[in-house]
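Chemist: Structure below; questions to follow.
The values are calculated or read from the model by the stated rules, or taken from the named source; none is laboratory data. As the structure is a prediction and not an experimental result, all values here were calculated from the model. Every residue, glycine among them, receives a Cβ derived from its backbone with ideal geometry; neighbour counts consider all protein chains shown.
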Amino acid sequence: MLFQADRHARSPYRRRELEWQQAEEAATRKALEAQIKRLGEEAVARERELEKVRDIFSRDLEKPRETASRAEERLRASEKRALLEIDRERSATAKAQKELAEVAKRAEKREAEHRRTVEALQTQQGDTRHQNGVLQGKLAALEAAHQSLQEQLKSLRTAARPPTRRVPAAEVSPPARRAARKAVAGKTARVKGRP
């Protein structure tokens, strides 16, 4: 009986304790649920932040890639331009060397022609001098022959003249004049025939 009375007396206390415990558990559960919710929201927020960071990192990583790609393209274009410039320089150098060789060849040809012309002119000048010397010798011989003929003619005229009177030229017979002319012409031909 006592036990039952005690039991009845403790029953409201036990109930309060259970209610309190139940309220505490409900509060703990609510707190845990709130914490779980908060942690879930934080996880979602962190996931969003992580996604943003990933996007930023991807963009930041893409920028150097794009920069490197553009730099590589610029480098390739520069190399291509440099190679084209080198090819142009080589072509221009080869063309200049070819033109220089042609100019040198033409100059050598002109020099050889000039040398041949000078040699021919020198030979011609030598021949002309020789011929001039020969002609001068012949002229001197002709002048000497002419002088001699003049003297002979003078002697003949003196010898043909009568001692007492001088015969006018009109009175000299034509055959005598012809004979004198033949004699002079024969001597002139002999003098011209000499070298």
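Chemist: If you take the residues of the range 11-39 that are surrounded by 10 or more Cβ atoms within 10 Å (Cβ to Cβ) and of a type in the set (Ser, Thr, Tyr), which of them is modelled with the lowest pLDDT?
Modeler: That would be 11.
Chemist: Among the listed residues 121, 149, which satisfies the condition of being surrounded by 11 or more Cβ atoms within 10 Å (Cβ to Cβ) and touching a helix residue (DSSP H, G or I) at 6+ places or on another chain (Cβ under 8 Å)?
Modeler: Values: 121 fails: touching a helix residue (DSSP H, G or I) at 6+ places or on another chain (Cβ under 8 Å).
Of 121, 149, the one residue that is surrounded by 11 or more Cβ atoms within 10 Å (Cβ to Cβ) and touching a helix residue (DSSP H, G or I) at 6+ places or on another chain (Cβ under 8 Å) is 149.
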